[in-house]
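K.L.:
Got a structure for you, written out below as structure tokens; questions coming shortly.
Coordinate-derived values only; no laboratory data. Fair warning: this is a prediction, and the values are worked out from it, not measured in the lab. Glycine also receives a Cβ, built like all others from the backbone with ideal geometry; neighbour counts cover every protein chain displayed.
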Amino acid sequence: MNASLDYGSILSRAWQVTWRHKVLWIFGILAGCSRGGSSGGGNNSNVQVNSQGGVDLPPQLEQFRNMDFQQYLPWIIGIGCAILLVGLIVYVLGLIGEAGLIHGAAAVDSTGSVSFGEAWAVGVSKIVPLFLLTLLITVPILLVAAVTGGLVVLSGGILALCLIPLICVLVPVAIAISIWQFFAQYYIVLEGVGVVDSLRKSWAFLRQNWAPVLVLGLITIVISFLVGLIVALPMVLAVLPTLFILIGNAAQNTQPDLAAFLPSIVCGALYLPVLIVLGGILNTWSTSAWTLAFRQLTGAQAVATPLPAVAA
């Protein structure tokens, strides 16, 4: 039998938790380390085909191709190791932030308060089980992807055509798996169960409460998307002038003046800390909403005295 949620009350109370317990913003910022995305870009070089059918590279690329990378090998290895180390640190901080934020929101809901040290200690203690949970979910997916990719290469790409319908099916399956893992984290953090038990409990939880989870998911996705657009708008406005300059230079086939990028770079650098903090606040609100919903659906008792209303 599906339980019901008072969605308005949960979203409102989640904002009260977020606003009145700003220490959770730190964990919201850290949690963003494990929810980060990626970006990419490209450029256009003057590559021409010569009369012999070969490729004439620009002088800069030709010089780069003829470089002796052997002498730079220690630097390349060192930089690669440093990047891996930084990535590992960021990932671990993300796990601490995720667990600390879940515990913090639950502690506020049950006792009315939470301290940084308390949430941090819980976050640190959950690093290993949360990592093992990710490993247990990710490794089989990577193995299947590697085997499939190998078969596609061996078949000369013919198998890729047969995989298109399968990919259309696997996309919703991947979303379902991520939701399954998402609630397994709550069982690890809030109930202290093992990785396997967390997956078992998460599956049972979703089977019983799929309807309210779906509705709350749609609500939080829409709100997060709209707020994210508003938060990112100043960064977009900072980049637009540079984008127009690049388009104009491309139309005239001229090289852009590097000084033209300076205003966008300065504005972006100044707004970046604000963007990080606002993203952390949004993470805190979203996780608080899900934590309150999870506790309500699993029958956990909230604090008897309601949180004071946030002043307008």
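K.L.:
Per residue of region 241-249, what does 6.51 cos²θ - 1.76 cosθ + 1.60 with θ = phi - 60° give for ³J(HN,Hα)? Whole Hz please, x for Gly and Pro, Karplus curve as stated.
P.N.:
Those phi angles translate into x, 5, 4, 5, 5, 4, 5, x, 5 Hz.
K.L.:
Once phi is turned into ³J(HN,Hα) by the Karplus curve 6.51 cos²θ - 1.76 cosθ + 1.60 with θ = phi - 60°, what whole-Hz value does each residue of region 84-96 show in order, with x for glycine and proline?
P.N.:
Those phi angles translate into 4, 5, 4, x, 5, 4, 4, 5, 5, 4, x, 5, 4 Hz.
K.L.:
Please give the peptides 281-289, 199-207, 121-129, 71-79 ranked by average Cβ packing (other Cβ atoms within 10 Å per residue), highest first, as a rough proxy for protection.
P.N.:
Going by the mean number of other Cβ atoms within 10 Å, highest first, we get 281-289, 121-129, 199-207, 71-79.
K.L.:
Determine ³J(HN,Hα), in whole Hz, for all residues of region 289-294 in sequence, where each value follows from phi through the Karplus function 6.51 cos²θ - 1.76 cosθ + 1.60 and θ = phi - 60°; x replaces Gly and Pro.
P.N.:
Using θ = phi - 60°, the values come out as 4, 5, 5, 4, 5, 4 Hz.
K.L.:
Measure off 7 Å from each Cα along the Cα-to-Cβ vector at A232 and V274, then give the distance between these two points in nanometres to one decimal.
P.N.:
Output for this residue pair reads 1.7 nm.
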